[in-house]
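The structure appears below as structure tokens.
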Protein chains: 2
Amino acid sequence: MVQGPRHIESSCDVLIVGAGPAGLMAARMLSEFVRQDPSLKVRIIDKRSTKVYNGQADGLQCRTLESFKNLGLADQIVAEANDMCTIALYNPDENGHIRRTDRIPDTLPGISRYHQCVLHQGRIERHFLDSIAEVSDTRIKVERPVQPQKLELDESKAEDNSAYPVKIELRYMREDESVPLQFGHKVENGLFRSNLQTQEEEDSHYALPEGMEPDMVETVHAKYVIGCDGGHSWVRRTLGFNMIGEQTDYIWGVLDAVPASNFPDIRSRCAIHSADSGSIMIIPREDGLVRFYVQLQARAKQGERVDRTAFTPEVVIENAKKIFHPYSFDVSRLDWFTAYHIGQRVTDKFSKNERIFIAGDACHTHSPKAGQGMNTSMMDTYNLCWKLGLVLTGRAERSILKTYESERQPFAQALIDFDHQFSRLFSGRPAKDVADEMGVSMDAFKEAFVKGNKFASGTAICYDASPIVAKGDKGCAITSTPSLAKNIEVGTRFESRQVVRHSEGLPIELGDLLYMNGAFRLILFAGNAADCTQMARIQKFAAYLDSANSVISKYTPAGQHRNATIETITVHSNTREEVEMHDFPAPSLFPKYDYDKIYADCESWHKGHAHAYDHYGIDRQKGCVVVVRPDGYVAAVLDLEDTDKLDAYFGQFMVAPKNAVGANQDPDWTFKTQRA
Amino acid sequence: MVQGPRHIESSCDVLIVGAGPAGLMAARMLSEFVRQDPSLKVRIIDKRSTKVYNGQADGLQCRTLESFKNLGLADQIVAEANDMCTIALYNPDENGHIRRTDRIPDTLPGISRYHQCVLHQGRIERHFLDSIAEVSDTRIKVERPVQPQKLELDESKAEDNSAYPVKIELRYMREDESVPLQFGHKVENGLFRSNLQTQEEEDSHYALPEGMEPDMVETVHAKYVIGCDGGHSWVRRTLGFNMIGEQTDYIWGVLDAVPASNFPDIRSRCAIHSADSGSIMIIPREDGLVRFYVQLQARAKQGERVDRTAFTPEVVIENAKKIFHPYSFDVSRLDWFTAYHIGQRVTDKFSKNERIFIAGDACHTHSPKAGQGMNTSMMDTYNLCWKLGLVLTGRAERSILKTYESERQPFAQALIDFDHQFSRLFSGRPAKDVADEMGVSMDAFKEAFVKGNKFASGTAICYDASPIVAKGDKGCAITSTPSLAKNIEVGTRFESRQVVRHSEGLPIELGDLLYMNGAFRLILFAGNAADCTQMARIQKFAAYLDSANSVISKYTPAGQHRNATIETITVHSNTREEVEMHDFPAPSLFPKYDYDKIYADCESWHKGHAHAYDHYGIDRQKGCVVVVRPDGYVAAVLDLEDTDKLDAYFGQFMVAPKNAVGANQDPDWTFKTQRA
């Protein structure tokens, strides 16, 4: 018999700590690279014995849904979620009664093909778990309940690509440690357990990974560790990174309930400011549930911990009744409640030597009401992990990893600043009149709300210049020519627009073509391909792509499809009668029997003409080349002749394999097609 | 020990013979009634040991997809299917080479919110089987391989509601009998087995229902039998019904293949007429597959059976190459092939005493190229089974069952006539010039094609006047007032249009509200509800609905939701600010806390204004009431004062239960809301 807990040792490429939204997004992103290279070893651990969360519902923002689409996750999630659609603003009238003063769209029209919606976090995690299992062929599984207890980095080996410089010690937990806590007490009653989760509860049992025992310790030698372990992040604290910011003194209660109320906008998102009783935000959810954020009368004292046990559902409901007056309000079924006070903090650093990263709530905390927490967390690892995947599969230099912090830290800071302003406007008492300087002007509130909505959608993010963002004349080896696509801002996400698939005339969203598989895209806006001069330019560009020295020929490993690392998608500005798909150079632009590479910016039968060229501000005659990163952000806007810039751009960070695919010619493919 | 096969006896409400599309639709429709009344016993048998079909792909027409939506089947099927989008027409040019002469939309713009698409029949059957299992709570399962061998009807008991007048003898088949046959031979090679079907093939084993043995005989006493047993229907032959019509002498080969071709419309639906080598129809399918219908040189002789074994894939491919010339054509992967000659026949009778019905191919056969077979078959039982469900659950008189034949037989005849004309135009040699009277004019062909497309979409069906269709002044106890909804034709399907859900402003398709649960719908186009006079009319209509003598109070069994038999949906013509949902009379129009009953025909944030009133031709001030059948067809158009007509309409065929829900008042619900 062995005395004391067993101790084992192992190594892996990436260890993800925490299986919440940030950790699951990391695992999902890396699944794609594991699919491509099954020798990669990616692990994800969590200290909870199950994914079940109580009540956590979250808004899904436009940009998050766009990213989900490129991971094959959007369709099902959108079908299950509740589209929030409208925001109603209520303010006190002359009698001090709340009254609807405005209705505005929840998603600003035109900013995305997706609308903000709400879905229970447990369902979102379920879709992630299923997708991870499918894409990684079950190679990546969440290991629970497992806790890290020691973390060391051998900085001398940080830049050695082949090294495993991170040593992390894991402990397999006992059943009694792994039950989630709530308000400092064990879960005690049905209130805390959402009845949405029956399916999930089936999985909700304590089971260590096969062959492991409670209290067993495993020392893992990892190439990379990602700390996605939440607001109290053990990884962050172990690294000694500080959260910088402050707490407000406002305290809010939260109810997830099926309401019984005659309030006419109970199924709309609402921002309600009462005269003296505080504010409410309503977030209508799926399946008849409604979430209520209810401002409470109590205040927190700076520097003191609030005794959360003092807040009961009854206290929250009572205050909600006061705010809703003269409308009736009661709860016909209560699913969950909590209380919190708002803290706004962000870390100054997001990584240690680009070997240990932190992401999500581990880096930033803020109020939940703008629905940013889960979204920002997921978008952190969405940003990090394609870079990490390219490094791990030998396609990119480690230098690319520096852009994780340089892109995400400023965004987190901006988020905190936004939240700071927004939450004070929301928690403040409405001004009684223009002379009431202590009160909040409801016009200022509405303005902040509308502005905030654009920010909160995630579509406004614009990453700064860096080796992977060719913007202005700094930070990158090349400069873009913005005038070629006047409405495309380099550093923002490539916005989807409908075009028509040449092969059969079906309207297709360009965004649907950007499946996240680690490939950069060259979107060739080919211009007027029916014009001989322009066709000559197209052919020259295509000849470059097929030549031995093109970025495709150099950076695509031998044996892989030529689309694997850099994919070309052609969008011409002609009708499907003015040119034929066989007119486009083969194989680079029109690979043999591949009918999904050529698109037309023209009228469709059933969904009109989206005028993609005009929308992007691209000349219909001359076109341009838009370089899109694997995460869908615009890297550069170039001319068809700028092939040297393509060389220079990818030359900054890509690794040329010893065996590359090289030049590609397909001499059989010379048939000349008819012209209508 | 028992000598010889065992013999058992049983009874059931409905026995469906055949688990193809018609049979599965019947089972799916009846699942809903089994869900409502689990004492109902519905069985479905099939003589094949598995649902696996080889190669059968079929077009799904607009109206079929609309119906699928109301059964919860459309979203997944549309996501998997291939949208056909465009039809290209090719005809011989002056050199006798084929050349594209036209491109037209495959689905006429504006006729439906769905487009025609194609999906492998095996997948469609899979979705049906899953849905039947879910809705019936696995009470309905396909029993295989089981064959009927005797059928008798005791006509003296046909009109006795409680009787089981049909006696049908079933035999449980041996494994060696149940393998599907193809061309008179057992399946011998991979060619006949689609590689799309790996998932399906797992189910593809011989397994009798539990407790049953090969050659066992079961005598079933059934209230109703539905013969969905295909073109060679045993049920039809046993009843002695005749198929009336003829065969053409054209022979066609069919290939399901991944083509290797430089034909520029290989991913479009195409109708290709060559000068001398015959015609081809292309149907692009899911997953890169393309179906080719290839006219062969051989002709059938009237009255003689064609030796199908003479047609090999090579013969079909060779002929396709000739027709495609000068384009190259070959097959890089062949999934399936067959050959057929066109027969056009229809039975004169669809039922025996409304106790034994036949449906689908058992009633009508025609050419497959217009994609009508599977659609018409499913729509037969879609029509029959809501009626049967209402009779079985005691809600409707047996007289309603007569409308199955009166509605479907004329449609089948029209389909045969259409197919007769269409297939001759398609198989005929193109006219060389206007003087070539033996040839087919390509203009006439295009015209027939476009007309045919409207017909083929299924949206043009208009059922004749009958007790359930109040049209003109015959056949029904009441007359509609068509001028109240100028663009709604009584007897056609209620066309979906976008409206806005009042409670939160979300754009919703009215068609999505017509879930097939056996309920009729009263769509109250409430008109201008902000106007006092009109609101008085609305309130009077609502007071009728809540009164003890309304059709809802009389025909809804006690203990059931007031929506169960006749559901009211309100669509007003105001904005969401001009009226509040609480302004509508409760509980009839706005049941307490039910936020899904009131809709506005107004602008939405993201999807514009669909102008539903104008589209339907309804006066925005006065409105009207549209009565919609459980299958989504318009039964009547009435005025808000026509409550006596509602009484008379439902009085013709509905059964008032002894215990009905009666008047409904909800006196607590009197809160007056604000008006903006």
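Side notes on the structure shown:
- Column: log10 I(q)/I(0), Debye, Cα scatterers of chain B, q = 0.08, 0.12 Å⁻¹: -0.66, -1.31
- Area buried, chain B against chain A - accessible surface, total, 1.4 angstrom probe, square angstrom: 4000
- Sparse packing (at most 15 other Cβ atoms within 10 Å of the Cβ) combined with a DSSP loop state is found for the following GluC sites (Glu not before Pro) in the stretch A:66-166: A:Glu94, A:Glu159.
- B:Ala656 label point (Cα plus 7 Å toward Cβ) to equivalent points in the other copies: 9.1 nm, shortest first.
- For the stretch B:446-518: rounded, prolate or oblate by the Cα gyration tensor [a/c cutoff 1.5]: oblate
- Note on the stretch A:482-651: antiparallel DSSP beta bridges, both residues inside, total approximately 60 percent of the bridges counted.
- Counting lysine pairs in the stretch A:411-559 that sit 8 or more residues apart in sequence, or on different chains, and whose Cα atoms lie under 26 Å apart gives 14.
- Chain lengthening between B:Asp436 and B:Ala260 when straightened (0.36 nm per residue, less Cα-Cα): 59.9 nm
- Solvent-accessible surface, computed for protein heavy atoms with a probe of 1.4 Å, shrinks by 10 Å² or more for the following residues of the stretch B:104-143 when the other protein chains are added to the isolated chain: B:Pro105, B:Thr107, B:Pro109, B:His115.
- For GluC sites (Glu not before Pro), the sites in the stretch B:287-327 that DSSP calls loop and that have at most 16 other Cβ atoms within 10 Å are B:Glu304.
- Put simply, the C-alpha atoms of the protein assembly as shown give a gyration tensor, and the ellipsoid matching it has half-axes of 52, 44, 33 Å, longest first.
- Copy-to-copy label separations for A:Glu304, where each label sits 7 Å from Cα toward Cβ, in nm and ascending: 10.5
- Using a probe of 1.4 Å on the protein chains alone, the accessible area found for A:Trp234 is around 60 Å².
- For peptide A:258-267, the mean count of partner chain Cβ atoms within 10 Å of a residue's Cβ comes to 5.
- For the protein assembly as shown, the share of DSSP beta bridges that are antiparallel, to the nearest 5, is 70%.
- Those residues of the stretch A:505-546 for which accessible area with every protein chain present is at least 30 Å² below the isolated value (1.4 Å probe): A:Leu506
- Shape analysis of the stretch A:223-276 places it in the prolate category; the axes a ≥ b ≥ c from the Cα gyration tensor give an a/c of at least 1.5, with a/b above b/c.
- Look at the stretch A:322-332: the mean tally of other chain Cβ atoms within 10 Å of its residues' Cβ atoms is 1.
- Chain A residue with Cβ closest to the axis mapping A onto B, distance in whole Å: A:Asp75, 4
- When DSSP beta bridges are restricted to pairs lying wholly in chain B, around 70% turn out antiparallel.
- Beyond 30 Å, the tail of the calculated P(r) for the stretch B:482-651 holds 8 percent of the Cα pairs.
- Candidate lysines - alpha carbon under 20 Å from B:Lys41, same-chain residues fewer than 8 apart omitted: B:Lys141, B:Lys157, B:Lys167, B:Lys223, B:Lys387
- In nm, spacing of pseudo-spin labels at B:His7 and B:Ser39 (7 Å Cα→C-beta vector): 3.1
- The modelled label-to-label distance for the pair A:Ala207/B:His325, using points 7 Å beyond Cα in the direction of Cβ, is 6.5 nm.
- Principal axes of the stretch A:566-639: Cα extent on each, largest first, Å: 32, 29, 23
- Estimated FRET transfer efficiency (B:Ile244, B:Ala536; beta-carbon r; R0 51 Å; 0.05): 0.35
- For the peptide A:91-102, the mean number of other protein chain Cβ atoms found within 10 angstrom of a residue's Cβ is 1.
- Excluding ligands, DNA and RNA, the accessible surface per residue across the stretch B:302-455 is 38 Å² with a 1.4 Å probe.
- Largest first, the residues A:Lys349, B:Lys607 sort by 1.4 Å accessible area into B:Lys607, A:Lys349.
- Largest accessible area first, the residues B:Asp433, A:Asp631 order themselves as B:Asp433, A:Asp631 under a 1.4 Å probe with ligands, DNA and RNA left out.
- Pseudo-label separations to other copies for B:Ser406 - Cα-to-Cβ vector, 7 Å, nm: 7.9
- Sequence-distant aspartates and glutamates (8 or more away, or on other chains) whose Cα lies within less than 14 Å of A:Lys69: A:Glu495, A:Glu509, A:Asp512, A:Asp631
- For B:His611 and A:Asp154, a Förster radius of 60 Å and the Cβ-Cβ distance give a FRET efficiency of 0.30, rounded to the nearest 0.05.
- Share of carbon and sulfur in the accessible area of the protein assembly as shown stands at 48%, probe radius 1.4 Å.
- Sorting A:256-269, B:160-173 by their mean Cβ neighbour count within 10 Å, with the most densely packed peptide first, gives A:256-269, B:160-173.
- MRE, 222 nm, helices only [DSSP H, n ≥ 4, -39500 (n - 2.57), over chain A, to nearest 500]: -7500 deg cm²/dmol
- Amide N proximity, the stretch A:221-240 versus A:Asp348 label position 7 Å along Cα-to-Cβ, cut-off under 13 Å: A:240
- Accessible area, probe 1.4 Å, largest first, for residues A:Lys486, B:Lys554: A:Lys486, B:Lys554
- Summarising the label geometry, the points placed 7 Å from Cα in the beta-carbon direction at A:Gln621 and B:Arg299 lie 5.9 nm from one another.
The values are calculated or read from the model by the stated rules, or taken from the named source; none is laboratory data. Every value quoted in this text rests on a predicted model; they were computed, and no experiment measured them. Every residue, glycine among them, receives a Cβ derived from its backbone with ideal geometry; neighbour counts consider all protein chains shown. Each accessible area value is taken on the protein alone, full model and side chains, heavy atoms only, with ligands, DNA and RNA left out. Shrake-Rupley method; radii C 1.70, N 1.55, O 1.52, S 1.80 Å.
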